[in-house]
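What follows is a set of notes on a single structure, which appears directly below.
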Amino acid sequence: MNLKDTIAAISTPAGRGGIGVVRLSGANARPIAEKILRLNAPLESWRATFGELPEVDQVVVTYFAAPRSYTAEDVVEISCHGAPVILRHALERACEAGARLDEPGEFTLRAYLHGRIDLPQAEAVRDLIEATTLYQARIAAQQVEGSVSRRLKPVKEQLLELIALLEAGIDFAEDDIDVAPAEEILRRIGRILSAICELIASFSYGKLVHNGFTLAIVGRPNVGKSSLFNRLLEQDRAIVTDIPGTTRDLVSETASLEGIPVRFVDTAGIRNSRDVVESLGIERSYQAIADADVTLVVVDASVPLTEQDDELIRRARASGKTLVVGNKSDLGKIPDTLPVSALTGEGLPELRVRLIDTLAPHRELEGGFITSIRHEQLLKESREALEQARNAAAIGIPHEMLLLDLYAALRPIDSITGATTADDILNRIFSTFCIGK
């Protein structure tokens, strides 16, 4: 990959559309555009110019002069009608004129290498492109603007200050000056460690925002599982009747819950049955419990709990996170259950919030949390090194040895902020990008 080349790509999704965009970036982006297009006026930075792709289409060309562009290089965007044949023709003409096709993620890689964005922002660009809910997009947009970097910045600065303090103490050791008492070192390490632990804890919610989760809805026949399933989806997806055993197989649908993508799974009513088809459906219900991130056990609040209810609750809790709801709360209430009514909608707003809290009890509401497993793993490495440093400081280990642990804590943070990044990390991040981004 020669980063001095001028690169070109179709930056809009594959298929037909009203508008399609071919993007160029590099020192020759403007000369190439002027060569392959017939323009009505000279290109000016941050202005749109009307022109023609000769004998094919009319176009609107936008020029962004370096460094005020996405890549911090000269960038030209050619907007034409979104027919694949026209976009391919424009791209071919650009390559004939001296550009080359970009590699996956190369536009964003150039933005990173030229200092326009840091690594968390680069990864957030990918998340923004892949967002399936508005909430995911909003969080990704905050991270593109630097929310994760801003939260890490003071942590890194505090760690660097402590390292500098210890280095100074070593430099002035001959003068018998104690610039870093043990109590001060422990206090500083504790403050840094606390901030990193908070960020690690935020990943439980960030992971939900990034990946979503699977919810299995289980219960005896006719407790209202399918009605509750439809209510949560806000559409009639599952068949609802008064006949026990109506649902005989898994019914799944993906929707947004509190802005988080959720795969809802409605299951067959669990009971003792000799019907072969229904028995197979019940077995799949148990498998759905094992596979789900959280299980919603639905009981009928209009009657006392049965032995089957108790057994199902025990089995669900043994498999993982479980929330028990008493449906038909308009007819009665059961202690230690969340009252809801699929008929009236009572309790549904609280149920939606409780489902998220069951998986991420310490969630935060703004974009200062981490959503990348790579970030979580690196922060755990930093936490481990800091804990070793704290233990070493507590027993009076020499500062030269203590600094080894502090530098070990700094390296993972550098790998997040991009200060010292190995080539394999860069390749892993940018190889997952789509062409043209």
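The values are calculated or read from the model by the stated rules, or taken from the named source; none is laboratory data. Computed from a predicted model, the values in this text were never measured in an experiment. Here the Cβ is made from the backbone with ideal geometry for all residues, glycine too, and neighbour counts use every protein chain on show.
Observations on the model:
- Qualifying residue in the stretch 366-376 (condition: buried (at least 20 other Cβ atoms within 10 Å of the Cβ) and on the phi > 0 side of the Ramachandran plot): no
- Selection status of Ala360, more than 23 Å from Pro221 (Cβ to Cβ) and surrounded by fewer than 16 Cβ atoms within 10 Å (Cβ to Cβ): no
- Qualifying residue in the stretch 193-204 (condition: modelled with pLDDT of 85 or more and under 30 Å from Gly326 (Cα atoms)): yes
- Members of the stretch 32-41 found to be outside any strand (DSSP E or B), of a type in the set (A, V, I, L, M, F, W, C) and touching a helix residue (DSSP H, G or I) at 6+ places or on another chain (Cβ under 9 Å), listed by number: Ile32, Ala33, Ile36, Leu37
- Every pair of residues 6+ apart whose Cβ atoms lie under 9 Å, when the first sits in the stretch 382-395 and is more than 18 Å from Asp414 (Cα to Cα) and free of Cβ contacts under 8 Å to residues at least 24 places away in the same chain while the second is of a type in the set (Gly, Ala, Ser) and part of a helix (DSSP H, G or I): Gln388/Ala408; Gln388/Ala409
- Qualifying residue in the stretch 341-352 (condition: out of contact with any Ser or Thr (no Cβ under 9 Å at 6 or more places or on another chain), buried (at least 17 other Cβ atoms within 10 Å of the Cβ) and either in a helix (DSSP H, G or I) or modelled with pLDDT of 85 or more (or both)): yes
- Of all positions in the stretch 10-31, at least one carries a residue that is basic (Lys, Arg) and assigned to a loop (DSSP other than H, G, I, E, B).
- Filter pass, Thr337 being in contact with a strand residue (DSSP E or B) (Cβ under 7 Å, 6 or more places away or on another chain) and hydroxyl-bearing (Ser, Thr, Tyr): yes
- Out of Glu44, Glu34, sole residue that is more than 24 Å from Ile129 (Cα to Cα) and surrounded by 16 or more Cβ atoms within 10 Å (Cβ to Cβ): Glu34
- Summed over the stretch 47-78, the residues that are in contact with a Gly (Cβ under 8 Å, 6 or more places away or on another chain) and either surrounded by fewer than 19 Cβ atoms within 10 Å (Cβ to Cβ) or small (Gly, Ala, Ser) (or both) give a count of 3.
- Restricting Arg23, Arg68, Arg93, Arg88 to those that are within 15 Å of Asp5 (Cβ to Cβ) and among the basic types (Lys, Arg) reduces the list to Arg23.
- Within the stretch 258-276, residues that are modelled with pLDDT under 85 have Cβ atoms under 9 Å from residues that are part of a loop (DSSP other than H, G, I, E, B) and acidic (Asp, Glu) in these pairs: Thr267/Asp249; Ala268/Asp249, counting only partners at least 6 apart in sequence or on another chain.
- Members of the stretch 287-340 found to be acidic (Asp, Glu) and more than 26 Å from Ser204 (Cβ to Cβ), listed by number: Asp300, Glu307, Asp309, Asp310, Glu311, Asp330
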